[in-house]
1. Can we say VAL57 is part of a helix (DSSP H, G or I), among the β-branched types (Val, Ile, Thr) and over 23 Å from LEU137 (Cα atoms)?
2. Failed condition for TYR24, given (1) assigned to a helix (DSSP H, G or I); (2) surrounded by 14 or more Cβ atoms within 10 Å (Cβ to Cβ); (3) not acidic (Asp, Glu), with all others met?
3. I'm trying to understand the selection: among the residues of region 1-56, which are of a type in the set (Phe, Trp, Tyr) and under 30 Å from THR132 (Cα atoms)?
4. Scan (1) outside any helix (DSSP H, G or I); (2) exposed (fewer than 12 other Cβ atoms within 10 Å of the Cβ) for the single condition ASP131 breaks and write down its number.
5. Looking at region 153-164, which of its residues are surrounded by 15 or more Cβ atoms within 10 Å (Cβ to Cβ) and without any contact (Cβ under 8 Å) to a residue 40 or more places away in the chain?
6. From (1) in a helix (DSSP H, G or I); (2) exposed (fewer than 14 other Cβ atoms within 10 Å of the Cβ), pick out the condition that doesn't hold for GLY145.
7. Could you please find all residues in region 32-87 being without any contact (Cβ under 8 Å) to a residue 12 or more places away in the chain and among the acidic types (Asp, Glu)?
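Any read-out appearing in this document is the output of simple, stated calculations on the displayed coordinates, not a laboratory observation. Quick caveat, the model's predicted, so the values are computed rather than measured. Neighbour counts are summed over all protein chains in view; Cβ atoms, including those assigned to glycine, are modelled from backbone coordinates with ideal geometry.
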Amino acid sequence: MGVISIVSQWAIPMMVLFVVVYSYIKGVDVFDTFVEGAKEGFQTAIKLIPFLVAMLVAIGVFRQSGAFDILIGLLQPALNLVGIPGEILPLGFMRPISGSGALAMTTETLQTHGPDSMLGYMASTIQGSTDTTFYILTVYFGSVGIRRVRYSMSVGLIADLAGFLAAIFVCSIFFN
């Protein structure tokens with residue numbers, strides 16, 4: 001068994017033990033603090049339910065209406081000219097909207113084209129280079145009552161676009 005394997009197996013238990021011992025030394029009641037945090041977490045989860053339902057309904061309507069397919073159909077020819085494969089475009093649109101939807105698309109890409117294909121490399125790199133911007137805005141901002149998200153959304157989507165383009169560029173350089 002290698003050192004990395006041993007460290008990875010013991011990292012989290014040692015971190016938990018450190019927190020408990022440190023808290024004990026500082027005189028913090030660990031159990032009561034944990035229970036209070038769990039209570040707050042549960043209350044936050046209750047507050048998030050309406051935002052999650054709204055986001056999931058909006059995603060479902062967008063996909064089922066055919067608008068998603070129309071948008072991809074309109075953009076695909078132009079992107080093919082600059083070297084962005086049309087098969088990867090739906091993932092670029094889905095990733096900022098839904099992490100689980102993007103993961104399903106990545107899984108489908110890997111099963112269809114293989115993990116060692118150019119599309120497999122691109123899909124995997126896009127998954128790691130972008131984030132679920134609308135999920136973050138809906139859940140995290142909604143849970144603390146932030147309603148004005150215009151600038152945060154703009155910056156998040158620009159970062160997602162940069163991650164998407166960088167993933168395609170890097171994969172084209174390293175795997176082509």
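1. Numbers: part of a helix (DSSP H, G or I): yes; among the β-branched types (Val, Ile, Thr): yes; over 23 Å from LEU137 (Cα atoms): no.
Taking the combined requirement at face value, the residue does not satisfy it.
2. Failed condition: (2).
3. First pass over region 1-56, keeping only residues of a type in the set (Phe, Trp, Tyr): 10, 18, 22, 24, 31, 34, 42, 51.
Answer for region 1-56, where residues must be of a type in the set (Phe, Trp, Tyr) and under 30 Å from THR132 (Cα atoms): PHE34, PHE42, PHE51.
4. Going through (1) outside any helix (DSSP H, G or I); (2) exposed (fewer than 12 other Cβ atoms within 10 Å of the Cβ) one by one, ASP131 breaks only (2).
5. MET153, ALA159, GLY163
6. Single failed check for GLY145: (1).
7. Listed by number, the residues that qualify are ASP32, GLU36, GLU40, ASP69.
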